[in-house]
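Single-structure report; data block below.
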Amino acid sequence: MYLLQFDWNPLTGIDIVGNFKIHFYSLMWIVAFVLGWHIMKRIFKRDKINIEYLDPLFIYTVLATMLGARLGHVIFYQSELFSQDFFSVFLPFRFNPKFEFTGFSGLASHGAAIGIIIGMYLYRKKYNYKSLMWILDRVVISVASGAVFIRIGNFINSEIIGKVTDSPLGVRFIQDEYGKAQITKLTGIQNPKKAYQAVTNNPDFQNLLEAVPFRHPAQLYESFCYVFVFLILVYFYAKTNKGEQTGFLFGLFLVLLWTVRFFVEFVKEAQNIERSDWLLNTGQWLSIPFILIGFYFMFVYKPKTPVK
C-alpha cells in the first residue's frame with residue numbers, strides 16, 4: 001500500500017529582494033498568534049474580564065514565546081552558537097561565515113513553554129486582575145491551537161523530519177536530503193529552485209529522487225494530535241467545572257502536549273547528536289519533567305490564596 005506516500009518539495013516562501021523572503025513558516029507563526037488572540041478574546045468575554053488587558057497579554061505572549069523558543073533551541077540543541085556566532089542567537093541573521101538573513105529557523109518548544117510561564121509571571125506582576133494560575137489555565141488553550149500551525153510550518157520547511165520508514169505514510173523530504181549547493185552541483189542547474197523542480201519533474205534526474213528515503217512525517221503526526229489537545233482543553237474549560245479548578249487546565253495541557261511529544265520522538269530524527277547509550281533522546285528527557293509537573297497541577301496543587 002503506497003497510495004499515501006508522496007514526494008515533498010514545496011516552495012518555502014516568496015522571494016522579495018536578495019536573500020530576503022517571506023517564509024511560509026513565519027506566516028504559520030502569525031496565524032498561530034492571531035488565532036490565539038481571538039481565542040483569548042472570547043475567553044475574556046466569557047469570563048467577563050476587561051478587554052483592555054488582552055493586547056498587553058498578547059505582546060507578552062509573543063515576546064516570551066519567541067525569545068524562550070530561540071534560547072531553548074540554542075541551549076538544548078545548538079549551544080555552540082554562543083561562541084561561534086553569538087549575535088545570531090538573538091537576531092534573524094547569520095554573521096559567520098557570511099552575513100545572511102535566515103529568520104529564526106531554530107526554535108524549541110520546550111524553551112517556548114518555559115518562556116511563556118516566565119512571561120505570564122511578569123505580565124501578572126504588572127496587570128494584577130487575576131491570579132497567575134488563572135492566566136496560565138486559559139493561555140494554554142491558545143497555545144495548544146497555535147502548536148497545530150507551528151508544526152505545519154515545520155512540515156513546509158522540511159524540518160524536524162521523521163526516521164526512515166517503509167510505512168504507507170512515508171514522505172520523501174527532497175530539500176532536507178539535498179542542500180542548495182549540493183542540488184545545483186548534482187543537476188548542473190545554478191538556480192536552486194529550478195534544480196529542486198528538476199529532481200521531481202525531469203526524468204533525467206529520477207536517480208536523485210530515488211536516492212531520497214521515505215520518512216515519517218513526524219511534524220504532521222504532532223500537528224494532528226495537537227488538534228485533539230486543543231479540543232480536549234476547550235471541552236474541560238467550557239463544558240465541565242474543571243475550568244474553575246485552579247491549575248487543572250494548565251496541568252492537563254502539560255500532560256497532553258508533552259505526552260504527544262514524548263511518543264512522536266520515537267519516530268523522529270534526533271535534533272542533535274545523541275549519546276548512543278541513552279534509551280531516550282533529548283526531546284523525551286525534556287518532556288518528562290513537564291508531564292510530571294502537569295500531573296502535580298491536575299491532582300495535587302492547591303492555591304494558597306483565594307483566586308481573585
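A few points about this structure:
- Straight Cα distances below 16 angstrom link LYS180 to the aspartates and glutamates ASP15, GLU100, GLU159, with same-chain residues fewer than 8 positions distant left out.
- Average 1/r across all pairs of distinct alpha carbons in the chain, invert it, and you get the Kirkwood radius: 21.1 Å.
- Annotation: peptides 113-121, 234-242, ranked by per-residue average of other Cβ atoms within 10 Å with the highest first, follow the order 113-121, 234-242.
- Comparing mean-square fluctuations of PRO97, PRO213, PRO192 from a GNM of the chain with C-alpha springs under 10 Å, the top value falls on PRO97.
- Nearest 10 degrees, 0 to 90: helix 132-156 Cα axis against the chain principal axis: 10 degrees
- Cβ-defined net charge surrounding SER287, 14 Å radius [Lys, Arg +1; Asp, Glu -1]: 0
- Ranking of ARG172, ARG42 by neighbouring Cβ atoms within 10 Å, starting from the fewest: ARG42, ARG172.
- Antiparallel bridge percentage (DSSP; both residues within the chain; nearest 5): 75 percent
- Principal-axis tilt of helix 109-126 within the chain, Cα atoms, nearest 10 degrees: 30 degrees
- Dividing the helix sum by the residues of the chain, where each DSSP H run of 4 or more adds -39500 (n - 2.57), gives a mean residue ellipticity at 222 nm of -19000 deg cm²/dmol.
- Among LEU27, LEU186, LEU54, residue whose mean-square fluctuation peaks in a GNM of the chain (springs only between Cα atoms under 10 Å): LEU186
- Helix 54-77 vs. the chain, principal-axis angle (Cα, 0 to 90°, nearest 10): 50 degrees
- Each of PHE297, PHE44, PHE266 was scored by other Cβ atoms within 10 Å of its Cβ. Listed from fewest to most, they are PHE266, PHE44, PHE297.
Every read-out reported here was derived from the displayed coordinates using simple, explicitly stated rules and does not represent laboratory data. Source: prediction; values computed, not measured. Every residue, glycine among them, receives a Cβ derived from its backbone with ideal geometry; neighbour counts consider all protein chains shown.
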